[in-house]
Amino acid sequence: MTADTPYWLAFSAIKGLGAVRFRKLLAYFGTLANAWAASELALQSAGLSSKITAQIVEQRKSTDPEALQGILEKKGISVLTWEDNAYPRFLREIDQPPPVLYYKGTITPEDELAVAIVGTRNVTAYGRQLTKDTATYLAGNGCTIVSGLARGVDAIAHRAALEILGRTLAVLGSGVDVIYPPEHRELAEAIAQHGAVISDYPPGTKPDGINFPPRNRIISGLSRATVVIEAGEKSGALITAKFAAEQGREVFAVPGSVLSPMSKGTNNLLGAGATPMTSPAAVLAALQVPIQMGLPQNNRPTLEPFQQKVVSLLGHESMHIDEICNRLSISIERLTAELTMMELSGIVERAEGMEYRVTRTWKI
């Protein structure tokens, strides 16, 4: 915090005062303390509309900036502004980053290696397993998992990181003291112990539909890559992917069955140029991160009956997916889904083209 921080908090509490207007105030007045004391005419001279200047004048009648800072400290809420060196580096690089970040927990330099995992609230069994495996693998290799604390993919990703004591950040579309959905209060508390719950909305802000697209922009902005696990055609996760692409970040999407409504969005992303994620190792490779943790022997999944058939058929020899399909009398859609899950679990790997084989480290 700096001597000017209380005034950042005071201006942050004024609805409609975003990054563009913060920059105008700083450019004209030098500090926000000077701007807070300025006349209505001076505020208009800085380039603010009469509507916004009227709001500022009205708000400061009942606002004590120093008291705001004290209230946050009592609630255990920390703050970062553009003036703070600890403001997340990758978020600072996006166009118009949020002027103020409120958070509970800690934001550390290691969070610069962050990957967003997002997807539908109506996650399928396929998506659930993929989310857990992906988050576990990435967190185990030093990545901070970023998501939005929503039901479905978000919550699964956060929990998977926490289960192996990895770091995770949850970005809210409400104040950090207003947890939504309410059943995730305990999850939010756990995240604050191993990362942070973050928002650019002042404490006390209720969740509102218009708050979530800007929140998704922060999720992608904090992250070096975004992975979309499952998403319907109009999923909010697609908004996060769009922001990530605009911010010049890597976008991955998990291929899914063309028959599944929850894979329409991810398949559309792939058609638009997103990178297919058939293994979380591909994410690390794209970020040029050395692999530290494979799949530990004692954490290897128990093979389901169909998976055992695939392992027995392949051995360590490679086989084309069409041949596997014929030999096991299974639809290509189901086989693709099964092989993707097995690849994420480290059971099989892709050889050349569409050929698969059991990984060398998997004992048959």
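Worth pointing out:
- Against the numbered list (1) crowded, with 16+ Cβ neighbours inside 10 Å; (2) β-branched (V, I, T); (3) modelled with pLDDT under 80, T278 comes up short only at (3).
- Per the listing A125, A114, A139, the residue uniquely within 26 Å of the chain's Cα centre (by Cα) and modelled with pLDDT of 95 or more is A114.
- Every residue from segment 183-225 that is touching a strand residue (DSSP E or B) at 6+ places or on another chain (Cβ under 8 Å), of a type in the set (D, E, K, R) and not in a loop (DSSP other than H, G, I, E, B): R215
- Among the candidates L9, L43, L25, residue that is in contact (Cβ under 8 Å) with a residue 60 or more places away in the chain, surrounded by 18 or more Cβ atoms within 10 Å (Cβ to Cβ) and assigned to a helix (DSSP H, G or I): L9
- Taking the listed residues T226, T302, the one that is within 19 Å of the chain's Cα centre (by Cα), over 26 Å from E352 (Cα atoms) and among the hydroxyl-bearing types (S, T, Y) is T226, with no other qualifying.
- Residue within segment 46-56 that is assigned by TED's automatic domain parsing to the domain that holds Y7 and touching a residue at least 40 places away in the same chain (Cβ under 8 Å) present: yes
- Scanning segment 309-335 for residues that are surrounded by fewer than 18 Cβ atoms within 10 Å (Cβ to Cβ), in contact with a helix residue (DSSP H, G or I) (Cβ under 9 Å, 6 or more places away or on another chain) and under 21 Å from P261 (Cβ atoms) turns up S331, I332, R334.
- Filtering segment 248-267 to residues that are surrounded by fewer than 16 Cβ atoms within 10 Å (Cβ to Cβ) and either of a type in the set (A, V, I, L, M) or more than 14 Å from T120 (Cα to Cα) (or both) leaves G248, V258, L259.
The values are calculated or read from the model by the stated rules, or taken from the named source; none is laboratory data. Worth saying up front: this structure is predicted, and the values here are computed from it rather than measured. Neighbour counts run over all protein chains shown; Cβ positions are idealised from the backbone, glycine included.
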